[in-house]
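In what follows, a single structure is set out as structure tokens and then discussed.
The values are calculated or read from the model by the stated rules, or taken from the named source; none is laboratory data. In this text the structure is predicted, and so the values were computed from the model without any measurement. Heads up, the Cβs are rebuilt from the backbone with ideal geometry, glycines too, and the neighbour counts pull from every protein chain shown.
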Amino acid sequence: MSTGYSARDRSFEIGREACDWTLPDPDKFISARHCEVRYQAGAFWLHDISRNGTFINGSTQRMAGPHRLGQGDRLLIGRYVVLVSIDDERATTGHPRSTHGSTQRQMPVATGRPLDFADQPFFDPVEQRPGQRAPVASPPAPLSSTRDEVLRDIAIAAGISPEMLQSRDPHEVAAEIGA
């Protein structure tokens, strides 16, 4: 499994299959083609093209439009937290060190194990950029605990009669709706 990805002033795709950077995801939280990182006008721009969303710097809202990636940005892609690291050689020397005139940019990712945020928050206020405010998250609504309640809630949300789903396996229903 790749624990990072380096781009040299070029665009690339991130997803769970057949992408420049493939992130294994047997649970399919990550879309086959989840997001694109486009290199434009000397900067990297993140574009979410996924079904389940890409989240930036601890936001509870998925990306609504392109986001210019900056040093230290944290991206939540499925169960992966990607820490953006930009090593721009031109910033310190005025010209690139390599003969190809490119800069090295790395986006390392966590180990690939399910994430545990008990000891470290996804968004650390110490890492905030000037002028940035940490998003305020509201507590999640309580989840239904029984199989029948889960299926009833899914049916109501889908606008169909709850009786249509009562004989179904909740895992099959969730897989069909892309959860």
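Remarks
- Where Asp9 falls short, out of the listed (1) more than 14 Å from the chain's Cα centre (by Cα); (2) acidic (Asp, Glu); (3) over 20 Å from Gly70 (Cα atoms): (3)
- Checking each residue in the range 34-45 for being surrounded by 16 or more Cβ atoms within 10 Å (Cβ to Cβ) and in a loop (DSSP other than H, G, I, E, B) picks out only His34.
Yes/no per residue for (1) modelled with pLDDT of 95 or more; (2) outside any loop (DSSP other than H, G, I, E, B); (3) over 30 Å from His171 (Cβ atoms); (4) among the β-branched types (Val, Ile, Thr):
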site: Ala18; (1), (2), (3), (4): no, no, no, no
site: His47; (1), (2), (3), (4): yes, yes, yes, no
site: Arg51; (1), (2), (3), (4): no, no, no, no
site: Thr60; (1), (2), (3), (4): no, no, no, yes
site: Gln71; (1), (2), (3), (4): no, no, yes, no
site: Ile86; (1), (2), (3), (4): no, yes, yes, yes
site: Ser98; (1), (2), (3), (4): no, no, yes, no
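Every residue, every condition in (1) surrounded by 10 or more Cβ atoms within 10 Å (Cβ to Cβ); (2) modelled with pLDDT of 75 or more; (3) charged (D, E, K, R), yes or no:
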position	(1), (2), (3)
Pro121	yes, no, no
Gln128	yes, no, no
Pro139	no, no, no
Glu149	yes, yes, yes
Ile154	yes, yes, no
Ala158	yes, no, no
Met164	yes, no, no
His171	yes, yes, no
Ala179	yes, no, no
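- Flag if Phe29 is in a strand (DSSP E or B) and either out of contact with any Asp or Glu (no Cβ under 7 Å at 6 or more places or on another chain) or at pLDDT below 95 (or both): no
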